[in-house]
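Contents: one structure, followed by commentary.
Values in this text are rule-based calculations from the coordinates and carry no lab data. Keep in mind it's a predicted model, so treat the numbers as computed, not measured. Cβ placement follows ideal geometry from the backbone for every residue including glycine, while neighbour counts extend to all protein chains displayed.
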Amino acid sequence: MDLESKNQAGPSVKKTVFSGVQPSGILHLGNYLGALAQWVEMQSKYHCIFCVVDYHAITVKQKPEELSRRILDVVKIYLASGINPEKAVIFRQSDVKAHVELAWILNCAAARMADLNKMTQFKEKGANKESVSVGLFDYPVLMAADILLYNTDLVPVGEDQVQHVELTRTLASRFNRDYGQVFKIPAVAVRKQGARIMGLDDPTKKMSKSASSPANYIALTDTPEAAAKKIKRAVTDSGKEIKFDQNKKPAIANLLTIYSLLSGLSFKELEEKYRGQGPAYAGASAGKYGEFKNDLAEEVRKFLVEFQIKYRGFTDDEVREILQDGADRVRPIAQETLNKVKNKLGIN
Ligand code: ATP
Ligand code: LTN
């Protein structure tokens, strides 16, 4: 498919969507339900550009051999999730140099220390670390550059990234005001359900690939048996009712969210299904919530089996080709925006 019909401004009126994932660890069900599943829905409707943000990953120390492996694996995860390179562009951030160039320009011409000091992710990721890279502090500016290079309309992300998209809007407006109109102001797209999947071991913290214990997440590459074990051991709330109540039953609300998104059943249907089930029903061996957890594990098993068959079906060479093709397609768009920016600054 030619880029003209996919991503460039022109006769087409399709909106542009941009998003990315860091190749910094094992992707989990939270990444899939919060971000990737939304991307798949969007690719038929919009001009979609999905990036593997390797320059973001190096804001914390990575093992070089592992990083190069993970870059390819993240693309395989995109593909197994249902992203179709015929419909959406997939590329690697470091293959398009305009990203770092624009990030530097935004650092100087738009971003303020006070903006970045407000970012919570930096504080969380930097907490309890002896030394933190300047890159980790500056990381939202690189994310803004990613988004702004492509005249992006919509940025589909999980809830934790909303603050960064808001910052992107601030930087774009400030640059436009101070140097003249260049950037389109993007909007964030967050799913109503699934935007913040919580850790299985702690429903007060988001499921995270950088969590200290693997009991926190279901990796997309976990065996169904390992995933079932994690679900059985997942923290639950007091009481025995299966009811969606975010405040009183955050752990069950989280499990219900995962169940609902994977099965297509609504909370109401699920509540109905398990009404009246408690210790007496589930039996001593299954424990309270036992039946519910068994069924959820079965939903997760079905999802993982299907996902992993697809995941294993792609070769590294295929992925390298997709990445090269993707970078070749988006480079001219990025360069055009960068040229406009440099013109405004008098450095072209
Ligand atoms: P982590 O904290 O797991 O290391 P991250 O959020 O820093 O991950 P990515 O893995 O690059 O970084 O995130 C990819 C996408 O997945 C982003 O859109 C992010 O908002 C989304 N996401 C990450 N964790 C969750 C979650 N627990 N629930 C829903 N969406 C999530
Ligand atoms: N910061 C994001 C990853 C990311 C991104 C982007 C997401 C980098 N650039 C552009 C959307 C659009 C994260 O940590 N999840």
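List of remarks:
- Shape analysis of the stretch 70-211 based on the Cα gyration tensor places the equivalent ellipsoid semi-axes at 25, 21, 16 Å, largest first.
- With R₀ fixed at 41 Å, the C-beta to C-beta distance from Q324 to S238 puts the FRET efficiency at about 0.15.
- With q set to 0.12, 0.13, 0.26 Å⁻¹, the log10 of I(q)/I(0) for the stretch 150-226, from the Debye formula over equal scatterers at the Cα positions, is -0.51, -0.56, -1.15.
- Taking label positions 7 Å along the Cα-Cβ direction at both E271 and E159, the computed distance is 1.9 nm, reported to one decimal.
- Within the stretch 27-131, the trypsin sites (Lys or Arg not before Pro) that combine a DSSP coil assignment with at most 14 other C-beta atoms in a 10 angstrom radius are K45, K61, K97, R112, K118, K129.
- Spin-label pair N339/A114, simplified geometry with 7 Å Cα→Cβ offset, distance in nm: 3.7
- The three principal axes of the Cα atoms in the chain give end-to-end lengths of 75, 43, 40 Å, sorted in falling order.
- On the basis of the beta-carbon distance and an R0 of 22 Å, E225 and S263 show a calculated FRET efficiency of 0.65.
- Helical content of the chain, expressed as a calculated mean residue ellipticity at 222 nm, amounts to -16000 deg cm²/dmol (DSSP H runs of 4 or more residues, -39,500 (n - 2.57) each, divided by residue number, nearest 500).
- Scattering curve values for the stretch 183-239, log₁₀ I(q)/I(0), Debye with Cα scatterers, q = 0.19 Å⁻¹: -0.74
- Relative contact order for the chain, counting Cα pairs under 8 Å that sit 6 or more residues apart, in percent: 21
- Approximate spin-label separation N247-V13, in nm, with each point projected 7 Å along Cα-to-Cβ: 4.4
- FRET efficiency, A187 to E65 (Cβ-Cβ, R0 35 Å, nearest 0.05): 0.35
- Entries of K63/K192; K118/K243; K76/K240; K230/K273; K14/K192 with Cα pairs more than 31 Å apart: K63/K192; K118/K243; K76/K240
- For the chain, the longest principal axis of the C-alpha atoms and the axis of helix 290-312 are separated by about 40°.
- Scattering profile of the stretch 205-348 at q = 0.10, 0.16, 0.19 Å⁻¹ [log10 I(q)/I(0), Debye over alpha-carbon scatterers]: -0.53, -0.89, -1.13
- Whether the stretch 57-102 is rounded, prolate or oblate, judged on the alpha carbon gyration tensor where a/c under 1.5 counts as rounded: oblate
- Rel. contact order, % - alpha carbon contacts under 8 angstrom, at least six apart, the stretch 43-102: 60
- Within the chain, percent of DSSP bridges classed antiparallel, to nearest 5: 10
- Only aspartates and glutamates eight or more places from K268 in sequence, or on another chain, were considered; those with a Cα closer than 15 Å are E241, D245.
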